[in-house]
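Read-outs throughout are calculated quantities, based only on the coordinates presented, and are distinct from any laboratory measurement. Being a predicted model, the structure only gives us computed values, none of them experimental. As a convention, Cβ positions derive from the backbone with ideal geometry for all residues, glycine included, and neighbour counts pool all protein chains shown.
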Amino acid sequence: MRVLVPTLCFLLIYTPMLAAKWDRPFIDEAGSPTPSSVEEKDRSWKEGAMSLPPWPDDRDLVEFSVDDPGSRFRYYIDGKHLSIGADGAVRYTLVVESQSGVRNLSFEGLRCTPGGVFKLYAYGNNGRFEAIDGDWIPIQGRHHDKLHRDLHQHILCIPRGFEPRSKRDMIHAMRARVPDKASTGFLPD
C-alpha cells in the first residue's frame, strides 16, 4: 500500500504533462524557417557614417521603371551621388515624379540582405534635405512596396548574391528600363 500511494501520486501529476508534450509534435522543434544557405552571415553588422548629399541636378537623374503596370509615376535616382558605403549599404537620392510634374525626394539606404531592408535618412524640402531618424524596414513581406522590391531584386543588388552591384552595373540596370531582363542574360526582343 505504501508503494501504491506514491506511484499513484506520480502518475496523477506527471501523466498530463507527458500527454501534453506528445500532443504537440511540431511546436517545440527547433529550426530556422530560412535555409542556412541564405541566412545573414554577419549578424553584427554596424551602420557606417553617412552624410546627406547635395540637392540633385536634373542632368544627373537616371530614370528607371518599376514592375507596376498601373503606376502613374516616373522614378529617378541621382546617378552622380549613388554610392556603396564601407558598410555595404547602397545610398541614393530617390526622385518620384507624378504625371503633373510634382516631385517627392528622399535620401535612402538599402542593404542587399536575403529579404532586403531599406532606410529613409531624409526627405527633400525646398531645395534641401531634412534629416529624419528612421529605422531599417524589411522589404520582404511588403507586397504593396514594388519600388523597393524592384530596387532590391533587380537594380541595386546582385540577384541571389546578397551584395551590391557595382555602381556602373546599377546605372546600367536602371537605364535598361526593364530590370529583370537586364540581368538574365537574354537579349531583348
| Could you give the dipole magnitude of the stretch 89-185 about its Cα centre, charging the beta-carbon of Lys and Arg +1 and that of Asp and Glu -1, in debye to the nearest 20? | 340
| field | FRET efficiency, Gln140 to Val102 (Cβ-Cβ, R0 30 Å, nearest 0.05) | value | 0.50
| FRET efficiency, 1/(1 + (r/R0)^6) with R0 35 Å, evaluated for Arg160 and Asn125 via beta carbons | 0.40
| remark: Honestly the stretch 58-181 on the Cα gyration tensor test (a ≥ b ≥ c root eigenvalues; a/c under 1.5 rounded, otherwise a/b vs b/c for prolate or oblate) is just rounded
| field | Residue exposure sequence - His152, His172 - by fewest surrounding Cβ within 10 Å | value | His172, His152
| task | Using θ = phi - 60° and the Karplus relation 6.51 cos²θ - 1.76 cosθ + 1.60, list the HN-Hα couplings for the stretch 152-167 in order, rounded to whole Hz, with x at every Gly or Pro. | result | 5, 7, 10, 10, 8, 10, 5, x, 6, x, 6, 8, x, 6, 6, 4
